[in-house]
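Shown next, in structure tokens, is the structure this report addresses.
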Amino acid sequence: MHNLSLQRFIKELPKVELHLHLEGAIRPETALNLMRRNRSAPLPENSEQVRALYRFEDLSQFVLAMRAVSNHIRSLEDLQNITQEMLSDLIAQHTFYVEFDCALQKYIDLGYPLVEILEALHATTQAFREQIHARLIVNLQRSHGSDKTAALVEEVARLNHPLVAGIGLSGDESRFPQKWFVRAFAVAREAGLKRTVHAGEALGPESIREALDLLHAQRIDHGTQAHKDAHLLERLKAEGIPLTQCISSNVRLHIVDRIEDHPFVDYLRGGLVTALHTDDPQVFGISLTSEYELAATTFDLSREEIVQILLNGIQGSFMPDRIRHSLIGQFKALYADQHTLSA
């Protein structure tokens, strides 16, 4: 960190979180309680041993580590408790808006009706509505295939629940190509649901192009490999396609070798709509604030650039246009004179 005043500036800066998996936000202490209740074998003795579960070398090991904990979510009350803790952690970091995703199919497969799952999540988010505005991205898991994901989107569209902002596709890009999910995204598009896709993480620029052309994605989660195609970068900038960047996640999963090699700063300074997010904060042992601090230190960001990350987060959100534009105007006015702030 350049100095303590900048550290304080980041800490107090209002923030937006757009790339956060609920199942990756389970506090180790909460995970331990769930595993004890479910008599997990082997059973970790303490929260440090839970953290040890999150040691992995690649994306496939990461998925197994996530399941080792998230498979112990067995009830709607579990889901509500985890959501409450996630929102509390975000509020403590001055986060005023979040679009979190949740693997709804996981809980449908446990026997819960979709409407009950959504109502449980909605009740929890509403309890915090004075402190943070939370919307849900319905996580479509690539491993579930075309028919199951399309059926889920159809049901989500029929319910038209106020908590739901849109749908998001995640999972192994190399094993489950974008073309398998054209139907699910066509249903979402027709229903007016917003659409985001994990792309350009494990695979290259072609995965991002397919997300845009086949699935009509309005936002790209990660997009780390976009820098390998100059024409794609030009398109992302021209069309204002947001990229939700998760820099610690990309290093931990060996998408980039070192944090210094991450293209985030080039995207930011190149005028792309890119912002910082956490992906799975409890898995990686990070926070949204620590990601800002890491980026500021690594890339020598100015205060103007840090504020631009906030503005890009708002621009990249699925808020209604009127609210989004109003907020951008308000924050631009608030942080108009960074030279004064730096004095």
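If you go through the range 161-176 and keep only what is loosely packed, with under 15 Cβ neighbours inside 10 Å and touching a helix residue (DSSP H, G or I) at 6+ places or on another chain (Cβ under 8 Å), you end up with PRO162, ARG175.
With touching a strand residue (DSSP E or B) at 6+ places or on another chain (Cβ under 9 Å), surrounded by fewer than 17 Cβ atoms within 10 Å (Cβ to Cβ) and at pLDDT 90 or above as the only criterion, which of HIS21, HIS94 stands out? Write out each step before concluding.
Details: HIS21 fails: surrounded by fewer than 17 Cβ atoms within 10 Å (Cβ to Cβ).
None of the others qualify; the one that does is HIS94.
Of everything listed in (1) under 24 Å from LEU253 (Cβ atoms); (2) buried (at least 21 other Cβ atoms within 10 Å of the Cβ), the single unmet condition for LEU87 is (1).
Does the range 218-235 hold any residues that are farther than 20 Å from LEU59 by Cβ and either surrounded by 24 or more Cβ atoms within 10 Å (Cβ to Cβ) or out of contact with any helix residue (DSSP H, G or I) (no Cβ under 7 Å at 6 or more places or on another chain) (or both), and which are they?
Going through the range 218-235, the residues farther than 20 Å from LEU59 by Cβ turn out to be 218-219, 229-235.
Those that are farther than 20 Å from LEU59 by Cβ and either surrounded by 24 or more Cβ atoms within 10 Å (Cβ to Cβ) or out of contact with any helix residue (DSSP H, G or I) (no Cβ under 7 Å at 6 or more places or on another chain) (or both): GLN218, ARG219, ALA230, HIS231, GLU234, ARG235.
Would you pick out the residues in the range 157-176 that are out of contact with any Ser or Thr (no Cβ under 6 Å at 6 or more places or on another chain), under 21 Å from HIS19 (Cα atoms), modelled with pLDDT of 90 or more and not polar (S, T, N, Q)?
The initial filter retains those residues of the range 157-176 that are out of contact with any Ser or Thr (no Cβ under 6 Å at 6 or more places or on another chain), namely 157-167, 169-170, 172, 174-176.
Filter again for under 21 Å from HIS19 (Cα atoms), leaving 161-167, 169-170, 172, 174, 176.
Restricting the remaining residues to those that are modelled with pLDDT of 90 or more gives 161-167, 169-170, 176.
Of everything in the range 157-176, those that are out of contact with any Ser or Thr (no Cβ under 6 Å at 6 or more places or on another chain), under 21 Å from HIS19 (Cα atoms), modelled with pLDDT of 90 or more and not polar (S, T, N, Q) turn out to be HIS161, PRO162, LEU163, VAL164, ALA165, GLY166, ILE167, LEU169, PHE176.
All of (1) in contact (Cβ under 8 Å) with a residue 24 or more places away in the chain; (2) crowded, with 20+ Cβ neighbours inside 10 Å; (3) more than 21 Å from HIS198 (Cβ to Cβ) hold for SER302 with one exception: (2).
I'd like the residue in the range 30-59 that is part of a helix (DSSP H, G or I), small (Gly, Ala, Ser) and in contact (Cβ under 8 Å) with a residue 12 or more places away in the chain and, out of all such residues, is farthest from GLY285 (Cα to Cα). Walk me through it before giving the result.
To start, the set of residues in the range 30-59 that are part of a helix (DSSP H, G or I) comprises 30-37, 47-53, 59.
Okay, now just the ones that are also small (Gly, Ala, Ser), so 31, 47, 52.
With the extra rule that they be in contact (Cβ under 8 Å) with a residue 12 or more places away in the chain, the set shrinks to 31, 47.
On the way: ALA31: 14, SER47: 12 Å.
For the range 30-59, the residue satisfying everything is ALA31.
Picking from residues in the range 246-277 that are more than 19 Å from SER60 (Cα to Cα) and touching a residue at least 60 places away in the same chain (Cβ under 8 Å), the one that is surrounded by the fewest Cβ atoms within 10 Å (Cβ to Cβ) is HIS277.
Yes or no: ASN71 over 22 Å from LEU334 (Cα atoms), free of Cβ contacts under 8 Å to residues at least 12 places away in the same chain and surrounded by 13 or more Cβ atoms within 10 Å (Cβ to Cβ)?
In short, yes.
In the range 97-133, the residue that is surrounded by the most Cβ atoms within 10 Å (Cβ to Cβ) out of those that are within 21 Å of ALA191 (Cα to Cα) and under 13 Å from the mean Cα position of the chain (by Cα) is GLU99.
Note on the range 211-234: among residues that are part of a helix (DSSP H, G or I) and within 20 Å of the chain's Cα centre (by Cα), the one that is nearest to GLN141 (Cα to Cα) is ALA211.
The values are calculated or read from the model by the stated rules, or taken from the named source; none is laboratory data. As the structure is a computational prediction, the values presented were derived from the model and not from experiment. Here Cβ is always computed from backbone atoms with ideal geometry, including for glycine, and neighbour counts include all displayed protein chains.
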